Amino acid sequence: MQTVLSTIIISVFLCSCRDRYNRYVPTYFDGEQFVERQDSLTPQHKEGIKKVFAFYGVPFRTDSNSVYYRGTIEKELLLNYSKKAMDKDWLATHMFILTQTSCAGHSQQQAFKTLDFGTFTIVVPDSWRKSTAQGIDSYVSNIIIDSSDTLSFDLGHFSNPLSERDPIIFQGKTSRIVDIPTVLI
């Protein structure tokens, strides 16, 4: 009887821990141990970790100062997430669909699904739909958001490489650097 009661208590404790939200603290490794540094949670880091959590399907909520994730996450994985939250290249090369309906600073629970496009997958709200399109020399497809919004992509050898440099402000006007091919004679 005592063993059964102990098992029930442990099960209830484990279930309650899994559904509890924990405050996210940026995690680093100093060469010997994992170190949590709350002062590293800058606005930029906060936006980055929200994108990382959304990408990996980690349930989270926010308030004006913090980000909270549901359940437990191992220190090694928190280290990985912390690094990605500040890695501009990682953030730029991963597609994010971050939808968050806010009410008094708390996110609403929303169902998500994964759309598989063959060359990549993307996690989107459950109401979004995949739609096919015909490309001439590239892979083209759409994601229908609702009756008035659609996301489209075009992947192929002749597609826009999206490698434009950041605009430069020169004398109050936006300019872009253009690479001019060099011809040797």
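The values are calculated or read from the model by the stated rules, or taken from the named source; none is laboratory data. Being a predicted model, the structure only gives us computed values, none of them experimental. Virtual Cβ from ideal backbone geometry, glycine too; neighbours counted across all protein chains shown.
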Single match in Phe55, Phe96, Phe13 (criterion: modelled with pLDDT under 90 and either part of a strand (DSSP E or B) or more than 13 Å from the chain's Cα centre (by Cα) (or both)): Phe13
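Across the stretch 99-126, what is the total count of residues that are at pLDDT 55 or above and outside any strand (DSSP E or B)? Can you show your working first?
From the stretch 99-126, those at pLDDT 55 or above are 110-126; that's our starting set.
Now narrow it down to the ones that are outside any strand (DSSP E or B): 110-111, 117-120, 126.
Residues flagged as at pLDDT 55 or above and outside any strand (DSSP E or B) within the stretch 99-126 amount to 7.
Given the residues Val25, Val35, which is the only one that is in a loop (DSSP other than H, G, I, E, B), at pLDDT 85 or above, surrounded by 13 or more Cβ atoms within 10 Å (Cβ to Cβ) and outside the structural domain of Leu115 (by TED's automatic domain parsing)? Even if it seems obvious, please write down each step before you answer.
Details: Val35 fails: in a loop (DSSP other than H, G, I, E, B).
Being in a loop (DSSP other than H, G, I, E, B), at pLDDT 85 or above, surrounded by 13 or more Cβ atoms within 10 Å (Cβ to Cβ) and outside the structural domain of Leu115 (by TED's automatic domain parsing) holds for just one of Val25, Val35, which is Val25.
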List every residue pair whose Cβ atoms sit under 6 Å apart, with the two residues 6 or more apart in sequence or on different chains, where the first one lies in the stretch 112-132 and is in contact (Cβ under 8 Å) with a residue 12 or more places away in the chain and under 17 Å from Phe53 (Cα atoms) and the second, anywhere, is acidic (Asp, Glu) and loosely packed, with under 14 Cβ neighbours inside 10 Å. Lys113/Asp126
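With of a type outside the set (Gly, Ala, Ser) and closer than 20 Å to Ala92 by Cβ as the only criterion, which of Glu32, Glu36, Glu47 stands out? It would help to see each step written out before you state the result.
Values: Glu32 fails: closer than 20 Å to Ala92 by Cβ; Glu36 fails: closer than 20 Å to Ala92 by Cβ.
Checking each option against the conditions leaves just Glu47.
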